[in-house]
Amino acid sequence: MAEPVFQPLPTVPDHPSLEEEVLATWERERTFEALREQNRGGPRFSFVDGPVTANRFSLGVHTAWGRTLKDVFQRYKGLRGFDQRYQNGFDCQGLWIEVGVERSLGLNSKREIEEFGLEEFARRCRDVVVRSSEALTRGSIRLGQWMDWGRDYFTFSDTNIEYIWKFLKIVHGRGWLYMGHRATEWCPRCGTSLSQHELSQSGVYQERSDPSLFVRFPLLDFEGQSVVVWTTTPWTLPANVAAAVHPDEEYGRRDNGEWVATKLFPEDTFVERLAGRDLVGRRYRGPFDDLPPGSRVEHRVIPWEDVTMDQGTGIVHIAPGAGGEDFELSRVHDLPVLTPVDEAGRFYDDYGWLHGSTTTEAADQIVGRLGETGFLVEAGLYTHAYPHCWRCDTPLIFRLSDDWFISVEEIRPKLLDENAKVDWVPEYMGKRMDDWLRNMGDWNISRRRYYGLPLPLYPCACGHLNVIGSKTELADRALEGMEQLEELRRPWIDRVPIRCEECGERVERIAEVGDVWLDAGIVPFATLGWENPTWIEEGYATGAARGLTKADLPDHAYWEKWFPADWVSEMREQIRLWFYSQFFMSVALVGRSPYRRVLGYEKMLDEHGREMHASWGNTIPAEDAFAQMGADVMRWQYCAQPPERNLLFGFGPAESIKRELLTLWNSVKFFVEYANIDSFRPSWEALNLEGDLAPLDRWLVERTHAFVRDAEAGYESYLSVDVMRAYQAYVDDLSNWYIRRSRPRFWAGGDAAAFQTLWYALVQMLRVMAPILPFVTDHLWRNLVLDGPSSVHLAGWPDVPEPDRTLLDEVADVRRVVTLAHQARATSGMKLRQPLRRLVVEGASAAQGHAAEIADEVNVKEIEFGVVEAELRVKPNLPVLGPRLGKELRAVQQALQAGEFEELGDGRFRVAGHELEPDDVLVERLGSGVSAVASADGVTVALDTMLDDELVLEGRVRDLIRQVNTLRKESGFHVTDRIVLTLPESDEPLLRWEDRIKSEVLAVEIRVDGDLAVERAT
Ligand SMILES: [Zn+2]
Ligand SMILES: [Zn+2]
């Protein structure tokens, strides 16, 4: 036997091993390089990658989602001939890296890090980045992501850092940089403050139970009277300096002397009532005046308009050293500020018996002491959402801190204008950005840590703030230490003091490092060579990045070419993080947004809708997913997901996707099997179908063109879910309509038009789906395309004419009628092999020219287009109508039940004074005793279920044909083998259909003798 034209396909694809083979082929043939070469000089598509944090040692399925989307749209643009940069990025500094290293070294505080030594600590942090970036690269390649691996950017490169220095210097020149002294959210474990945008990340607010305390402060000049406050942070009470009341609210005194807001205790009786303003100024004894800090404070009642009347007592305990708003109030009312705890959240020495305890440890002691001293009114528990450190999960506290800020007030209007020009998908995410830009506070850029961008700020005793803008400037002004400066990093940088440009004195750098979002935000400038006079080969590989990447530092002309990005994509959380930081920096530096278009997407949960947590055992490492479902199946899950909803990812959904992928697989397998029998050899030249085609072939061609166009619209709007929907509808039409209706043409052999058409459709489909399913499409492509481009990824996007929508509507109507007819049959319990006399069709007028096809499909003798006599039953669609109609629903429901409604056409009804849309109701049409009726979307069919002798006999013939074909298979006959068929005498009447039986079972002869039997014809 001759070598088959096409490789026969197994029944079920083994995705993981098929993918490994494809990866090896890409590697061997340098397919990605060939694509880049092919597109060089083409139109530009500029994508800028948001850096992935290099602190994990395997790719997570969360990260794989974003990486897939990035890959899909870059691959699509690649098919369309766009020249692209394909630069991947790693985020390499900051707390997340530090915390991992601290844990691995068993270090528990900043003091222990310093004892360990900052040089070695920095080297360990870099090691993490090196190992992590290697692992993430491996995972991404396995996922099928095509990037310019090896030329990645690493945000800890000196170049990246220098660009941020330059930014800070410019910002300082505008007067936006300042040091703020204020109470901020503080992580006692990490020993640093957190910025507003860090608090906005998911997982920060967690349910937690805290003590709920009602505490009385005795008034000094009103014997026996006290004000009662409520607090959930006992540790802040030793820092109390004031009690705030709302000046306009009413307060009442209970007969035991306690003052509270009357609104909050409506049941209580009060012996005296006063407006809050009348309590203002009263002095009281503080709860911990026996400790030195409290003893020095004159505690008093102050007015505050923001006191709310929703919980507590309406009197608020004020501790300016331990609360953000409290601190603001201290400025207004000139209150003393007590700072009770140090960087690690432990009480200072002057807090006596509390000294050295953490805020949590102190809580019990404080409650006990309040009980003893008679300050405690009541103690309980209170469950609320409380902020935790997003890196180490420690509950945050408020603490006074000197932080460096960038003022946002001056630039805010420009930010809003620029954001309005960005095209956000989904649209609501742009609104979220707008809200954030309107409400965000100044940007806190300093962190009291080690492994991060060294802030180039040198405040001099003379009052002048020196800001260094580059390494060259540092060298010019350095007093010493340049020779030991391995990297722009602590501890080395701390050994380089400079001369003050104002007074000439020696100045040291501040100890703080920068917010990591500066690192990622500068990327559109640092990686594209903004204002860099000459191109430097491998010029980005500086500092810690040396030896890790071959990335160039391009020149300014390159930046002009590639900035701004045409498209960026990350999860929604990044609105306040990376989308924000690069946007802010870009508008500050060049007055415009760094991106034109954004695709955001929501969260990933497990397949049951729960958050994925290692401790719950429901996380999925990408390796497991690659091994068990394969990258294509993962990519399908990611791409079929509407971005505005959470993705429920898992092995369950993967199984159903594998089954669904079989439709594509089987369509190709069908083609391969019969084309091999027929030795059909398609040629790439003949890809463009011309000339007269059979109606069904012509339909498939048009249907394919419509699919290409629909998918194109999905890709162009960055909605992979639209491409997936178009694909699913198309594959169904291809397999369950075209192939099923054309089977005999392939069996008979020689129908070149059928082979040619099916090949055309399959090949075009593979090109369209290549960005989403890069492995299976290339695998099949390499089998189907004998003399064309060697890879589907090099084949370009199919260029097709506008499809004939009229023809497509006709067949869509036909398929609708057929589906309804099958439903009607199912309700009547009549199997499809039993021919029936008549089907009446109402609606679906476009299907009229296809009566013969419908008759054949649904196995009836006659199709009639006309009016279906059927009883109409209309029920309310409760999930839709319930919320809308409310109390009115009952009246509508009763009227519908009683048949008191008017049909308005197009599926609309008037009932009890309401006009209902098609979605508002469930419509059912019931046939009479001799017909089965089905109805949907304005089409109704009635199937005549009466049988006569003729129909019964034909039904038996069909049963027989099926039985014989099963026998053929069981006997191991080849699909082309001819047979001799023997029938029992009882089947003799069936011979009225002898020719049909012979042709459908490939029988050369039928004998009537004994039992049913088949044998190979000689
Ligand atoms: Zn922390
Ligand atoms: Zn100075």
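The values are calculated or read from the model by the stated rules, or taken from the named source; none is laboratory data. These figures come from a predicted structure and were not determined experimentally. All Cβ positions, even for glycine, are placed from backbone atoms using ideal geometry, and neighbour counts span all protein chains on display. Areas reflect the complete protein model, heavy atoms only, side chains present, ligands, DNA and RNA absent. Shrake-Rupley method; radii C 1.70, N 1.55, O 1.52, S 1.80 Å.
Numbers for the structure displayed
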quantity	calculated
Subset of segment 975-1014 that is of a type in the set (A, V, I, L, M) and assigned to a helix (DSSP H, G or I) - its residue that is most open to solvent (accessible area, probe 1.4 Å)	L991
Answer from R44, R56, R85, R131 - the residue that is touching an Asp or Glu at 6+ places or on another chain (Cβ under 8 Å), open to solvent by 30 Å² or more (accessible area, probe 1.4 Å), of a type outside the set (S, T, Y) and within 26 Å of M571 (Cα to Cα)	R44
In segment 71-82, the residues that are assigned to a helix (DSSP H, G or I) and open to solvent by 10 Å² or more (accessible area, probe 1.4 Å)	R75, K77, L79
Unique residue being more than 14 Å from the chain's Cα centre (by Cα) and open to solvent by 10 Å² or more (accessible area, probe 1.4 Å) when the list is E611, E573, E607, E602	E607
Residue pairs meeting the criteria (Cβ under 7 Å; at least 6 apart or on separate chains; first within 17 Å of S446 (Cα to Cα), in segment 456-484; second modelled with pLDDT of 95 or more and of a type in the set (S, T, N, Q))	Y458/N466
One residue from A54, A122, A34, A64 being in contact with a Cys (Cβ under 9 Å, 6 or more places away or on another chain) and more than 16 Å from ligand 1 (Cβ to nearest atom)	A54
Lone qualifier among F563, F579, F583, F525 - being farther than 30 Å from G191 by Cα and either within 16 Å of ligand 1 (Cβ to nearest atom) or open to solvent by less than 10 Å² (accessible area, probe 1.4 Å) (or both)	F525
Test: residue in segment 719-728 that is acidic (D, E) and more than 17 Å from L662 (Cα to Cα)	yes
Test: residue in segment 625-633 that is within 24 Å of D152 (Cα to Cα) and open to solvent by 10 Å² or more (accessible area, probe 1.4 Å)	yes
Test: residue in segment 291-299 that is touching a strand residue (DSSP E or B) at 6+ places or on another chain (Cβ under 8 Å) and not in a helix (DSSP H, G or I)	yes
From V367, V377, V316, residue being surrounded by 13 or more Cβ atoms within 10 Å (Cβ to Cβ), in contact (Cβ under 8 Å) with a residue 40 or more places away in the chain and touching a Pro at 6+ places or on another chain (Cβ under 7 Å)	V367
Residues that are assigned to a loop (DSSP other than H, G, I, E, B) and without any contact (Cβ under 8 Å) to a residue 40 or more places away in the chain, drawn from segment 249-264	R254, D255, N256, G257
Unmet criterion (only one of (1) in contact with a helix residue (DSSP H, G or I) (Cβ under 6 Å, 6 or more places away or on another chain); (2) modelled with pLDDT of 95 or more; (3) over 18 Å from Y451 (Cα atoms)) for C92	(3)
Which listed residue is free of Cβ contacts under 8 Å to residues at least 12 places away in the same chain, surrounded by fewer than 17 Cβ atoms within 10 Å (Cβ to Cβ) and part of a loop (DSSP other than H, G, I, E, B), from D787, D799	D799
Residue match in segment 59-69 (condition: small (G, A, S), over 20 Å from L136 (Cα atoms) and open to solvent by less than 30 Å² (accessible area, probe 1.4 Å))	no
Helices (runs of 4 or more DSSP H) contained in segment 525-636 and holding at least 3 residues among the polar types (S, T, N, Q)	578-590
Within segment 201-228, considering residues that are within 16 Å of ligand 1 (Cβ to nearest atom) and open to solvent by less than 60 Å² (accessible area, probe 1.4 Å), the one farthest from the chain's Cα centre (by Cα)	Q206
Contacts under 9 angstrom Cβ, first residue in segment 520-537 being over 14 Å from E560 (Cα atoms), partner open to solvent by 80 Å² or more (accessible area, probe 1.4 Å), 6 or more apart	E537/K550
From E21, E37, E33, E27, residue being closer than 30 Å to V128 by Cβ, out of contact with any strand residue (DSSP E or B) (no Cβ under 9 Å at 6 or more places or on another chain) and at pLDDT 95 or above	E27
Failed item in (1) modelled with pLDDT under 85; (2) crowded, with 17+ Cβ neighbours inside 10 Å, with V939 passing the rest	(1)
Search result, residues across segment 477-534 that are among the β-branched types (V, I, T) and within 16 Å of ligand 2 (Cβ to nearest atom)	I498, V507, I510
Qualifying residue in segment 447-462 (condition: within 16 Å of ligand 1 (Cβ to nearest atom) and open to solvent by 20 Å² or more (accessible area, probe 1.4 Å))	yes
Selection status of R703, under 35 Å from the mean Cα position of the chain (by Cα), touching a residue at least 60 places away in the same chain (Cβ under 8 Å) and open to solvent by 50 Å² or more (accessible area, probe 1.4 Å)	no
